[in-house]
Structure formats: C-alpha cells, structure tokens
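This report concerns only the one structure given below.
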Amino acid sequence: MTHHTSKRDDDSGLGLIELIVVLVVTGIIMIAIASIFVNSWKTQDQVTSVTGSTNRGQVVGSMIERAVRNSLYLSVNGAGDELRVRTSLDGTALKCQGFKVASTGVQVATSSTSIGTTWPAWKPAIKAVGGAPYFTLTNGVLSYSFDIQTESAPVRISGDVAVRSDQETGNGGCW
C-alpha cells in the first residue's frame, strides 16, 4: 500500500506583505475620501458666508433705495458715511431714516430721536470700496457702494437711485 502524503500549500493564506499592501492602499483611499469631505465642507461654509452677506447687502440696499425714492429731504455728510432722509412714507418709524456706514457695520436708525444720537449696529464687516465715500449725492441721484467681508471674497453692494419727489428745505424735525 502506498500512502500519498499530501503536500500542504503554504501559499494559500494572506501573507504579511499582502496585508501591509492592503492596509497602505486602504489608508490612501481613506485619506483621499476624508480630504474630499473636508474640502466640500469648507466650500459649503464659503458659499453660505457669501450668500448671507449678499442677502444682508441687498436688504440694506433696498432700504436705502426705498428711503431715497420717497425722500422729501435728504443729506449726506461731508465724509460720505452718513445718509439722513425724511420721507413721504407713512408711519413714525419710516418718516425719518438714517444710514451710517462704518468699518464696524451698517447702522440704521428709523426714528427722529435715535438719528444722530444712537446708531444701533445692524450688519457687520463693511468696508469702503477703494477709499471712496459710501454715499455721494449728485443732482438728485444718490450713489452708494460698500463691500461686505466674507470668508472668501468680499461682496460688493452698490447702486444709484434717483429722488422721485420734489425736495423740500429742512428736515421736518427729523434730527
């Protein structure tokens, strides 16, 4: 009788070198996936910041434009950072409106008692555009321009608005 001794195949398992190669390849893939997630997260934060700043700037711009279009009297101070408007709009809060822009933000006052004395901070991170004044008034047209800082690039808010009503003299007791 002959016995056949079966030879054991030593190559049938996972060797140390193969295990190390699998771990290295898996690590590289995991690092790549993690960096994609981190970059996506940062991009989302930047987009959210720009969108929020754009929305805030549009709100400020529309408030300025509405006040100027309905103005009976308006003035811009010599530095070009403060706009005061007496409007034909109904309501005590809308009759007298003031807008003051500083590096700390846009400040809006909507009553005769607070304009010039208390300027509540409203929207932060505002910068002038190239050192130009925030407000300029020329022949009944108000031009405004400012940058709102974001996590990426600043958002520029600017516009020109013409006065619709005949202007009166005096501020009508607004300030």
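Which one is farthest from Leu74 (Cα to Cα) among residues in the range 158-175 that are out of contact with any Lys or Arg (no Cβ under 7 Å at 6 or more places or on another chain) and of a type in the set (Gly, Ala, Ser)?
Ser158
One residue is enough: does the range 30-39 have a residue meeting the conditions modelled with pLDDT of 85 or more and either among the aromatic types (Phe, Trp, Tyr) or in contact with a helix residue (DSSP H, G or I) (Cβ under 6 Å, 6 or more places away or on another chain) (or both)?
Checked the range 30-39: at least one residue is modelled with pLDDT of 85 or more and either among the aromatic types (Phe, Trp, Tyr) or in contact with a helix residue (DSSP H, G or I) (Cβ under 6 Å, 6 or more places away or on another chain) (or both).
Within the set of pairs 6 or more residues apart or between chains, which connect a residue that is closer than 16 Å to Ser152 by Cα inside the range 22-48 to a residue that is not in a helix (DSSP H, G or I) with Cβ atoms less than 7 Å apart?
From the range 22-48, the pairs are Asp45/Glu151; Gln46/Glu151; Gln46/Ser152.
Checking Gly57 against (1) modelled with pLDDT of 90 or more; (2) part of a helix (DSSP H, G or I), only one condition comes out false. Which one?
(1)
Which pairs do you get when a residue that is without any contact (Cβ under 8 Å) to a residue 60 or more places away in the chain and part of a strand (DSSP E or B), found in the range 129-143, comes within reach of a residue that is acidic (Asp, Glu) and surrounded by fewer than 15 Cβ atoms within 10 Å (Cβ to Cβ), reach meaning Cβ atoms under 8 angstrom, with the pair 6+ apart or on two chains?
Val141/Asp160; Ser143/Asp160
Restricting the range 155-172 to residues that are modelled with pLDDT under 90 and surrounded by 17 or more Cβ atoms within 10 Å (Cβ to Cβ), which is nearest to the chain's Cα centre (by Cα)?
The selected residue is Val155.
Please determine whether any residue of the range 101-110 is part of a strand (DSSP E or B), at pLDDT 85 or above and either of a type outside the set (Phe, Trp, Tyr) or buried (at least 20 other Cβ atoms within 10 Å of the Cβ) (or both).
No, the range 101-110 has no match at all.
Checking the condition of a type outside the set (A, V, I, L, M, F, W, C) and more than 27 Å from the chain's Cα centre (by Cα), which residue from Ser71, Ser35 passes?
Ser71
If only one of Arg66, Arg56 is closer than 30 Å to Ser165 by Cβ and over 17 Å from the mean Cα position of the chain (by Cα), which one is it?
Arg66
Can you tell me which residues in the range 144-175 are out of contact with any helix residue (DSSP H, G or I) (no Cβ under 7 Å at 6 or more places or on another chain), more than 26 Å from Trp41 (Cα to Cα) and part of a strand (DSSP E or B)?
Ser145, Phe146, Ser158, Asp160, Ala162
The values are calculated or read from the model by the stated rules, or taken from the named source; none is laboratory data. These figures come from a predicted structure and were not determined experimentally. Cβ atoms come from the backbone with ideal geometry, glycine included; neighbour counts cover every protein chain shown.
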